[in-house]
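Below you'll find the structure, written out as structure tokens, and then a few comments.
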Amino acid sequence: MRGSPLLRALCAFVIIAALGWPLWHLTRPAEVVAGPANPLPVVEGKAIGLQLDFTTPPKSFAVRHLEKDVWVDSAPQSQMERELPLVFPENGVDLVFHFEWPDDAPLAAARVRLTDPHGDVHEKSVWGQGTVDEVLTFP
Amino acid sequence: MKTFALSIVALALTALTSPAAEKIRVSSFSTVLTEIAQQVGGERVAVTAHIKPGVDPHEFEPKPSDLKTVGDAQLILVSAKHLEGYVGKLKEATGAKGSLVEVGDRFPSLKMKADDGHDHGHKHAHKHGESVEDPHWWHSIANTEKAVKIVRDELTKISPADKQAFASNAAAYAGKLDALQKWVKVEVAKLPRDQRKLVTSHDAFQYFAKENGFTIYAIEGVTSGDQPSSKKVAEIIGVIKAQSVKAIFPESIQNPKVLTEITRETGVKVGRELYADGLGEGAASTYEGMYKSNVTAIVSALK
């Protein structure tokens with residue numbers, strides 16, 4: 001091969017560049033284009049609804065799950081409702097209800113309505129006077 | 001003076017005929033039934049506890065002095081469900097005087113696997129793996145409440161005049177059992193349902209398990225004097241791993257090497273000893289104390 005070394009080097013660069021660009025184009029990582037976000041998996045715990053109805057509102061109450069308070073109220077109304085932030089296992093859940101009714105109050109009752117993640121409603125009742133701790137199991 | 005003398009005579013007659021003068025004689029062959037009879041009968045009964053707290057009822061055999069006391073008793077209480085193999089002797093001893101009440105036979109049984117050499121009081125030992133009645137009914141508080149009613153009714157048959165007192169005492173004791181049941185439910189609720197797995201070597205907690213949502217896994221071979229095969233140990237380890245069991249409750253461990261191997265391979269904890277066969281001693285010498293001790297041991301180990 002004749003010619004100046006500089007010209008030969010230039011030719012080699014042009015050839016490599018001409019072959020390399022399509023090679024790079026074929027082998028470069030695909031550009032990720034963000035699509036519309038997939039809906040997050042349903043956190044079943046978000047879907048537990050709890051409604052309490054009292055014949056006599058207690059002074060205070062707490063609802064516990066595995067030793068953690070999931071709902072505490074120190075001035076309850078006669079009817080209350082809340083979504084509980086806990087996972088609802090397929091095999092059901094046990095909730096501990098702690099009610100403190102006034103000492104001079106007659107026998108009182110609380111109706112508990114739990115709506116599970118499937119939309120099924122489960123109703124149970126707690127009766128008592130003074131301080132009451134009771135476990136309700138759902139379903 | 002005449003009035004005074006008559007009053008003295010009347011007082012003496014009252015003392016002689018009063019209920020306190022002659023208590024109902026009760027013989028009990030169960031620590032749990034002893035407590036029930038004392039609670040329901042109150043001051044109207046004199047209960048002889050032939051089996052004291054801490055004594056293994058599976059091993060107990062009545063002595064001649066026991067049979068003599070039974071012969072004089074008006075009411076004889078036994079756990080039944082084949083726990084007392086000596087019931088025949090008791091029946092002979094009572095003659096026609098006392099009423100022998102096999103309390104456990106008055107409510108339904110759960111089944112358990114018979115252990116070699118652990119015949120639960122039968123005259124004959126069962127074949128290994130054979131299904132027999134589980135005699136440990138008192139681990140169900142609901143059963144104990146039924147037993148309270150049975151004892152109340154039997155005492156009332158003997159002394160109808162004390163019906164009201166027995167009913168009142170039984171109701172008070174049943175109230176304590178209801179409170180205990182609620183306490184147990186609150187304690188057990190501290191465990192996720194999938195952690196309520198009871199691995200024991202003495203198959204005595206089925207009534208407890210059924211009432212409180214536990215699954216029982218029996219680990220046979222850890223308590224017997226014979227060295228279990230490596231296959232058996234592997235099976236036990238497999239169950240513990242597969243079920244993600246956090247603690248086991250072996251009893252009367254005669255194979256510490258096996259237990260060491262199991263705990264090393266699985267990382268499982270060894271729970272405190274449970275009172276399987278009746279009331280214990282100290283704080284566990286009452287039904288409430290025994291039950292609370294067992295539940296506390298189970299829940300704290302499995303948490």
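Here are a few things to note about the model shown:
- Positions within the range B:160-214 being more than 30 Å from B:Leu259 (Cα to Cα) and polar (S, T, N, Q), in sequence order: B:Gln164, B:Ser168, B:Asn169, B:Gln181
- Criterion applied to B:Val258, B:Val222, B:Val295, B:Val239 was being modelled with pLDDT of 85 or more, of a type in the set (A, V, I, L, M, F, W, C) and more than 21 Å from B:Leu110 (Cα to Cα), and the one residue passing it is B:Val239.
- A search for C-beta distances below 9 Å between a residue of the range B:85-97 that is farther than 12 Å from B:Pro62 by Cα and any residue that is at pLDDT 80 or above and charged (D, E, K, R), counting only pairs 6+ apart in sequence or on different chains, returns B:Lys97/B:Asp72.
- Among the residues of the range B:151-171, those that are surrounded by fewer than 21 Cβ atoms within 10 Å (Cβ to Cβ) and touching a helix residue (DSSP H, G or I) at 6+ places or on another chain (Cβ under 8 Å) comprise B:Thr156, B:Ser159, B:Ala161, B:Asp162, B:Lys163, B:Ala165, B:Ala167.
- Taking the criterion of being within 14 Å of chain B (Cβ to nearest Cβ) and either in a strand (DSSP E or B) or surrounded by 16 or more Cβ atoms within 10 Å (Cβ to Cβ) (or both), the residues of the range A:110-139 that qualify are A:Lys124, A:Val126, A:Trp127, A:Gly128, A:Thr131, A:Val132, A:Asp133, A:Glu134, A:Val135, A:Leu136, A:Thr137, A:Phe138.
Each row is one residue, and each column tells you yes or no for (1) within 17 Å of B:Lys146 (Cα to Cα); (2) not hydrophobic (A, V, I, L, M, F, W, C).
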site: B:Val55; (1), (2): no, no
site: B:Glu59; (1), (2): no, yes
site: B:Thr69; (1), (2): no, yes
site: B:Ala80; (1), (2): yes, no
site: B:Gly85; (1), (2): no, yes
site: B:Gly88; (1), (2): no, yes
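- Check on A:Leu86, in contact with a Gly (Cβ under 6 Å, 6 or more places away or on another chain) and not hydroxyl-bearing (Ser, Thr, Tyr): yes
- Filtered residue count, the range B:260-283, keeping only those that are surrounded by fewer than 21 Cβ atoms within 10 Å (Cβ to Cβ) and assigned to a helix (DSSP H, G or I): 8
- When B:Lys163 is tested against (1) over 30 Å from A:Val96 (Cβ atoms); (2) within 13 Å of chain A (Cβ to nearest Cβ); (3) basic (Lys, Arg), just one condition goes unmet, and that condition is (2).
- Considering the range A:47-59, the residues that are of a type outside the set (S, T, N, Q) and in a loop (DSSP other than H, G, I, E, B) include one that is surrounded by the fewest Cβ atoms within 10 Å (Cβ to Cβ), namely A:Lys59.
- Complete set of residues in the range B:132-150 that are surrounded by fewer than 18 Cβ atoms within 10 Å (Cβ to Cβ) and touching a residue at least 60 places away in the same chain (Cβ under 8 Å): B:Ala142
- Top-ranked residue of the range B:151-163 - restricted to ones that are part of a helix (DSSP H, G or I) and in contact (Cβ under 8 Å) with a residue 60 or more places away in the chain, ranked as nearest to B:Gly280 (Cα to Cα): B:Val151
- Residue in the range B:182-221 that is farthest from the other protein chains (Cβ to nearest Cβ), counting only those that are polar (S, T, N, Q), in a helix (DSSP H, G or I) and under 17 Å from B:His136 (Cα atoms): B:Gln206
- Listing of strands (runs of 3 or more DSSP E) fully contained in the range B:52-114 that carry 3 or more residues being modelled with pLDDT under 85: B:111-113
- One residue stands out among those in the range B:82-102 that are of a type in the set (Gly, Ala, Ser) and touching a strand residue (DSSP E or B) at 6+ places or on another chain (Cβ under 9 Å): the one that is farthest from B:Ser65 (Cα to Cα), which is B:Ser99.
- Among the residues listed as B:Lys176, B:Lys185, the single one being at pLDDT 95 or above and closer than 15 Å to B:Asn212 by Cβ: B:Lys185
The values are calculated or read from the model by the stated rules, or taken from the named source; none is laboratory data. Owing to the predicted nature of the structure, the values given are computational and were not obtained by experimental measurement. We place every Cβ from the backbone using ideal geometry, glycine too, and count neighbours over all the protein chains shown.
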